[in-house]
Amino acid sequence: MTTTQTQAAAQLPIENPGEAYKRRKTTRGNFELYSWVFMRASGVVLLVLIFVHLFVNLVAGEGITAIDFGFVAGKWASPFWQVIDLVMLWLAMLHGTNGMRTIVNDYAERDGLRMWLKIALYTAFVVVTVLGTLVIFTFDPCPADAPANLLPSFCTA
Amino acid sequence: MSTLMENTTSSPGPETGAETGGGMGEIPSFDVTLRIRRYSPETHGDEAYWQEFTVTAYGTDRLLDALHKVKWDVDGSLTFRRSCAHGVCGSDAMRINGRNRLACKVLLKDLNPDKPILVEPLKGLPVKKDLVVDMEPFFASYREIMPFLITGGNEPTRERLQSAEQRERFDDTTKCILCAACTSSCPVFWTDGQYFGPAAIVNAHRFIFDSRDDGAAQRLEILNDKEGVWRCRTIFNCSEACPRGIEITKAIKEVKRAMITRAF
Ligand code: HEM
Ligand code: SF4
Ligand code: FES
């Protein structure tokens, strides 16, 4: 019978072998419950919204060739599409941010790293959501002093 | 860094081992190599190391038999837990070829003999020595869900009756032997050890859905925690690992559903 022996990656030594294990603190409450339900509910709604969005923008009518500032402005001239896009923006951002929060909790091992990743995440959420909301309601297809070749034809009229 | 030590111990068994064909009545045997992750701070410093042992095995041998052979005939310092040796006590859960199994339930003939069999301690729990882990974090969560009958009202004068259907409701989760194979197969538990883990939820389920028990609300409250059932990502590692075949992910889902019904 032969035996060989090689070194393996270091094993975390036990700091205090005899010490009783303690959960850090109790964190009871319905937040995670609502968050779990929200992921499912928003997922179902997003499924509809995203595919309607893709179809209307890329397939229906003249399809993908029709997309320019004019096309976007045309859609947002209607309160219907403003509301649809607003709901899609907010649901996608809340859903995506909450999903990333879960991933950070699951993979970041140190509390400090967790905190910084979440600060970055929530900052990105605020920036994108605020800018996106603003754009939906204030979009101008003919911004002043933009190069003429980038603008839809009706701007010069 | 990687010191390679080669030591050959004289073999008490047959020299070649491999498929010793012979006369009538001889039991076929084969050689298996165990690659064991060892940790013995008192003799080998604070770093874990791999050690390989080659032993002769028979078709009916389990991994536990091979470990016994090593411990009894080759290296008595090899340390692991076992008690019943028949899948009842839950002592010898370990990582075998990357999967959590009971060493006493894994037949060597079912593992690929061409490669060394990887044997490691359960992941996510502090290692005390070799394959022995500190089970305290696991049992701490188990204690928290109050794994005992909670009743209200007057003490009945005879036994608390239950119909066969009522018993069936939680039958699956009564089978747990607290081996920790499930909890230590969960990546969420590996992260920081704060998640209650599948075993605690399984054992809460066993009482939550028991018609004789009145503690369901308290137990749901305890598991409705940031570190409770909502950390489950439904990846089924626990169900795959359970040596009792408990449908753990389903049990967790039923506890989640009970909480949602309660909240809305
Ligand atoms: C197409 C429609 C969508 C459906 C049906 C859907 C459904 C879901 C569900 C049910 C979860 C929860 C998984 C769990 O708790 O284990 C989830 C997680 C997640 N979703 Fe979505 N989602 C959709 C669109 C999106 C979009 C547009 C984004 C990005 C903005 C996104 C980003 C995420 C992230 C980052 C997670 C976390 C991953 C995880 O927990 O494993 N999803 N999704
Ligand atoms: S549920 Fe299964 S895997 Fe988990 S501790 Fe109980 S017997 Fe072991
Ligand atoms: S030794 Fe008892 S379960 Fe394996």
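Other chains near B:188-194: what is the mean number of their Cβ atoms within 10 Å of each residue's Cβ?
Numbers: counts 4, 0, 3, 6, 8, 4, 5.
Whole-number average of other-chain Cβ neighbours for B:188-194 is 4.
Net charge within 11 Å of B:ILE252 by Cβ-Cβ distance, Lys/Arg positive one each and Asp/Glu negative one each, not counting B:ILE252 itself?
Values: positive: B:ARG231, B:ARG233, B:LYS250, B:LYS253, B:LYS256, B:ARG257; negative: B:GLU247, B:GLU254.
Residues near B:ILE252 contribute +4 overall.
Cα convex hull of the protein assembly as shown: how many Å³ per residue?
Working: hull volume 115.2 nm³, N = 421.
In the protein assembly as shown, the Cα convex hull volume per residue is 274 Å³.
Let me spell out the model: positive unit charges on the Cβ of Lys and Arg, negative unit charges on the Cβ of Asp and Glu, origin at the Cα centre of the protein assembly as shown. What dipole size does that give, in debye rounded to 20?
On the way: 46 positive and 48 negative charges, 229 e Å.
That gives a dipole near 1100 debye.
May I ask you to list the trypsin sites (Lys or Arg not before Pro) in region A:90-146 that are in a DSSP loop and have at most 15 other Cβ atoms within 10 Å of their Cβ?
Numbers: sites: A:ARG101, A:ARG110, A:ARG114, A:LYS118; in loops: A:ARG110.
Filter output for region A:90-146: A:ARG110.
Sorted by accessible area with a 1.4 angstrom probe, largest first, how do B:LEU111, A:LEU58, A:LEU33 fall?
A:LEU58, B:LEU111, A:LEU33
For chain B, what is the largest minus smallest coordinate of the Cα atoms on each principal axis, given in angstrom and ordered from greatest to least?
So the extents along the principal axes, rounded to whole Å, are 69, 49, 33.
Within the accessible area of the protein assembly as shown, what % is carbon and sulfur when the probe is 1.4 Å and the other protein chains stay in place? If you can, show how the numbers build up before the last one.
Numbers: 13730 of 22740 Å².
Whole-percent figure for carbon plus sulfur exposure: 60.
Which of the residue pairs B:LYS105/B:LYS175; B:LYS128/B:LYS226; B:LYS69/B:LYS128; B:LYS69/B:LYS105; B:LYS226/B:LYS253 have a Cα-Cα distance greater than 27 Å in the structure shown?
Beyond 27 Å between Cα atoms: B:LYS128/B:LYS226.
Given R₀ = 35 Å, what would the calculated FRET efficiency be for B:ALA217 paired with A:THR129, taking r from the Cβ atoms and rounding to 0.05? The partial results should precede the final answer.
Working: r = 38 Å, r/R0 = 1.08.
In this case the efficiency is close to 0.40.
Determine, for each peptide in B:57-69, B:120-132, the mean count of other beta carbons within 10 angstrom over its residues, then list the peptides with the highest first. Kindly include the intermediate steps, with their values, before the conclusion.
Values: B:57-69: 19.1, B:120-132: 20.8.
By packing density, highest mean first, the sequence is B:120-132, B:57-69.
Short version: ³J(HN,Hα) in whole Hz for each residue of region B:62-73, in order, from phi by Karplus 6.51 cos²θ - 1.76 cosθ + 1.60 (θ = phi - 60°), x for Gly and Pro, what are they?
Whole-Hz 3J(HN,Hα) from phi for region B:62-73: 9, 4, 4, 5, 5, 4, 4, 4, 5, 5, 7, 10.
Treating only the Cβ atoms of Lys and Arg (+1) and Asp and Glu (-1) as charged, compute the dipole magnitude of chain B about its Cα centre; round to the nearest 20 debye. Kindly include the intermediate steps, with their values, before the conclusion.
Values: 35 positive and 37 negative charges, 190 e Å.
Around 920 debye, computed over chain B.
Within region A:61-98, what residues put their amide N at less than 16 Å from the label point 7 Å along the Cα-to-Cβ vector of A:ALA41?
A:87-88, A:90-96, A:98
Which of the GluC sites (Glu not before Pro) found in region B:88-191 are loop residues per DSSP with 15 or fewer other Cβ atoms within 10 Å of their Cβ? Present the calculation step by step, with values, prior to reporting the outcome.
Numbers: sites: B:GLU144, B:GLU159, B:GLU165, B:GLU168; in loops: B:GLU159.
Qualifying residues, ordered by number: B:GLU159.
Got a sec? Charge dipole of region A:76-157, +1 on Cβ for Lys and Arg, -1 for Asp and Glu; which of A:ASN105, A:GLN82, A:LEU131 is way out at the positive end?
Farthest towards the positive pole: A:ASN105.
Would you calculate the convex hull of the Cα atoms in chain A and tell me its volume per residue in Å³?
Details: hull volume 46.4 nm³, N = 157.
Hull volume over Cα atoms, normalised by residue count, gives 295 Å³.
Hey, can you grab everything whose amide H is under 5 Å from the amide H of B:VAL106? Only 5+ residues off in sequence or another chain; H modelled, so Pro and N-termini drop out.
Long-range HN contacts for B:VAL106: B:LEU63, B:LEU64.
To the nearest 500 deg cm²/dmol, what mean residue ellipticity at 222 nm is calculated for the protein assembly as shown from DSSP H runs of n ≥ 4 alone, each contributing -39,500 (n - 2.57), summed and divided by the residues? Please report the intermediate quantities before stating the final value.
On the way: 13 runs with 164 residues, N = 421.
Mean residue ellipticity, 222 nm, calculated: -12500 deg cm²/dmol.
Helix check for chain A. Which DSSP H runs span at least 18 Å along their own axis by Cα, with a mean Kyte-Doolittle hydropathy no less than -0.5? Intermediate values should be presented prior to the final figure.
Values: long enough: A:31-58 (38 Å, 1.73); A:79-107 (41 Å, 0.52); A:111-138 (40 Å, 1.51).
Flagged H segments are A:31-58, A:79-107, A:111-138.
The values are calculated or read from the model by the stated rules, or taken from the named source; none is laboratory data. Keep in mind that what you see is a predicted model, and the values were worked out from it rather than measured. So basically every Cβ, Gly included, is an ideal-geometry build from the backbone, and we count neighbours across all protein chains shown. Protein only, heavy atoms only, side chains kept; ligands, DNA and RNA dropped before computing areas. Shrake-Rupley method; radii C 1.70, N 1.55, O 1.52, S 1.80 Å.
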